Amino acid sequence: MSNRNRTRTEWQLPVAIGSGRIAVLPAILLSQTSLFAAEGLQVGVARTDITPPVGYLMGGYSARKGGSQGIHDPLYATTVVMKSGGESLALVSLDLRSFPSNRVLKTLRQDYGIAHTLLCSTHTHSGPLTWEDKTWPDPDHSWFQETEQKVIAVVSETASSLFEAGIRSGQGRKPGPSECRPFE
């Protein structure tokens, strides 16, 4: 289902420890800080595909040589943008081992007015190299630079489609082991 077609209730954020989802992070951050007022909170959520092309060098294991041979699951950048009063926060969860990018942080602050940005990675060892090779396949048009631009674009899109929201907390139990990924 396209993100544009989701209703607000479909964007309810699951809070499951060990699920690998970004949703628990906003609740923790906002419950511990006074960054946002209790009223007037606006939130937006979006996602974009950041899967590199087949053949891109893989990261995660130094013994692995060569590029990817296919795509099992797509990789995403999922964003949550929160604004209240004059404050703003962008949380970006990337299905990557790491993604340090000062360009993303600086651009979101200077060009889009996002005061605080947190880039988080799921730390998959089944994904591409990131900061180790910012030049593939071409130094002027690399996958890393393209991914930076996709992150900037999805945060910008998210920030322009905010809706009124509230914050609630709760707890529950899930019997059995936690799950981080589907096993087939």
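Here are some notes:
- Condition met for Ser98 (surrounded by 12 or more Cβ atoms within 10 Å (Cβ to Cβ) and either in a strand (DSSP E or B) or without any contact (Cβ under 8 Å) to a residue 60 or more places away in the chain (or both)): yes
- Qualifying positions in the stretch 118-143 - β-branched (Val, Ile, Thr) and under 16 Å from the mean Cα position of the chain (by Cα): Thr122, Thr124, Thr130
- Restricting attention to the stretch 139-184, the residues that are outside any helix (DSSP H, G or I) and either modelled with pLDDT of 95 or more or not basic (Lys, Arg) (or both) add up to 25.
- Residue in the stretch 62-73 that is in a strand (DSSP E or B) and out of contact with any Gly (no Cβ under 7 Å at 6 or more places or on another chain) present: no
- Residue list for the stretch 109-159, filter: farther than 17 Å from Tyr56 by Cα, surrounded by 15 or more Cβ atoms within 10 Å (Cβ to Cβ) and of a type in the set (Asp, Glu): Glu157
- Filter result for Gly59 (buried (at least 19 other Cβ atoms within 10 Å of the Cβ), modelled with pLDDT under 90 and either over 11 Å from the mean Cα position of the chain (by Cα) or not hydroxyl-bearing (Ser, Thr, Tyr) (or both)): yes
- Yes/no for Val43 being in contact with a helix residue (DSSP H, G or I) (Cβ under 7 Å, 6 or more places away or on another chain), closer than 16 Å to Ala159 by Cβ and modelled with pLDDT of 75 or more: no
- Among the residues of the stretch 74-95, those identified as surrounded by 21 or more Cβ atoms within 10 Å (Cβ to Cβ), within 10 Å of the chain's Cα centre (by Cα) and not in a loop (DSSP other than H, G, I, E, B) are Ala77, Thr78, Thr79, Val80, Ala90, Leu91, Val92, Ser93, Leu94.
- Scanning the stretch 39-51 for residues that are out of contact with any Asp or Glu (no Cβ under 9 Å at 6 or more places or on another chain) and either assigned to a strand (DSSP E or B) or surrounded by 14 or more Cβ atoms within 10 Å (Cβ to Cβ) (or both) yields a count of 3.
- Residues in the stretch 79-117 that are among the basic types (Lys, Arg) and within 22 Å of Ile167 (Cβ to Cβ): 1 in all.
- Test: residue in the stretch 120-132 that is of a type outside the set (Ser, Thr, Tyr), touching a helix residue (DSSP H, G or I) at 6+ places or on another chain (Cβ under 7 Å) and part of a loop (DSSP other than H, G, I, E, B): no
The values are calculated or read from the model by the stated rules, or taken from the named source; none is laboratory data. This is a predicted model, so every value here is computed, not measured. Quick reminder, even Gly has a Cβ in these numbers, built from the backbone with ideal geometry, and neighbours come from all protein chains shown.
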